[in-house]
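Shown next, in structure tokens, is the structure this report addresses.
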Amino acid sequence: MFALFAAGACSASGAATRSSPASAQSGARGGGDAGEAQRSAQHGPDAGASSASSDPGADAGFVPPSGEQSRQAAEAYAQGAAAYARGDFAAAAQGFARTYEIFPAPEMAYNLARVYERMGDAPQALRYFERVLQSNPSAAQRTDIEHRVAGLRAYEQRRRDGIAQTLPSTDALSQEGATWFQRGVALYRRRNYRQALIAFEQAYQYLQTPELFYNLAVTHRALHNTDRAIEFLREYLSARRGTPEEAWIEGQIRQLEH
């Protein structure tokens with residue numbers, strides 16, 4: 001996580017930590033010591049890939065805004081952080097967006113991107129991740145963000161096309177399984193769902209990946225095999241916890257259950 005006057009780094013393990021409104025206010029005081037502001041910014045609304053020692057803002061010694069802007073930014077950030085802590089991501093985005101208007105730093109852009117990512121709003125998440133990438137982040141941060149961007153683009157493709165078209169890698173996969181997978185995709189796109197299901201079930205003998213779980217789920221749904229569709233959507237969900245797709249997949253399961 002980038003360090004911010006009110007939100008800083010998390011552990012490299014990616015475990016999310018959250019700041020309190022008090023730390024947001026103390027970090028945003030214009031008359032305070034910049035070093036103290038950085039020391040108060042050791043927790044943020046969400047997790048990134050880097051630690052505070054690799055934070056470009058801390059290295060540059062950035063100073064938070066002062067005066068009335070400082071008060072407004074701290075208040076908006078505190079509201080966003082509190083909303084994030086209770087799982088109200090829409091309100092969190094609103095608070096962080098207001099903070100970003102006052103203090104358009106890459107640290108705040110990252111916070112916004114992560115919130116939109118949790119909401120499943122891929123266009124907005126990509127928009128703010130791109131702004132962070134333009135700020136010349138560290139190598140570790142760039143790698144983390146590029147991984148998230150790739151995941152968001154894959155999510156957009158699945159939403160648009162209704163099926164996962166490619167596997168993430170074939171390095172450790174049986175070539176035969178990958179061949180059956182691609183055959184199933186081709187058949188599904190021609191709406192030959194029964195033959196597509198046979199192909200995906202053959203692929204399942206050789207590999208078990210989230211993409212295959214998803215394709216089995218949507219194919220069973222197309223064939224009105226509701227129970228099996230739910231089963232594979234749950235398998236897919238277990239591999240997608242904490243991603244932009246989580247809430248959307250849960251909604252798909254609820255629709256099938258009723």
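A few remarks follow.
- Protection proxy ranking, peptides 103-116, 245-258, 76-89, 189-202, average beta carbon neighbours within 10 Å, highest first: 103-116, 76-89, 189-202, 245-258
- Compared with the alpha-carbon gap, the fully stretched path from residue 208 to residue 86 is longer by 40.5 nm at 0.36 nm per residue.
- Label point of residue 69 set 7 angstrom out along Cα-Cβ; within region 83-118, amide nitrogens under 15 Å from it belong to 98-106, 108.
Values in this text are rule-based calculations from the coordinates and carry no lab data. Small disclaimer: the values here were computed from a predicted structure and weren't measured. Neighbour counts are summed over all protein chains in view; Cβ atoms, including those assigned to glycine, are modelled from backbone coordinates with ideal geometry.
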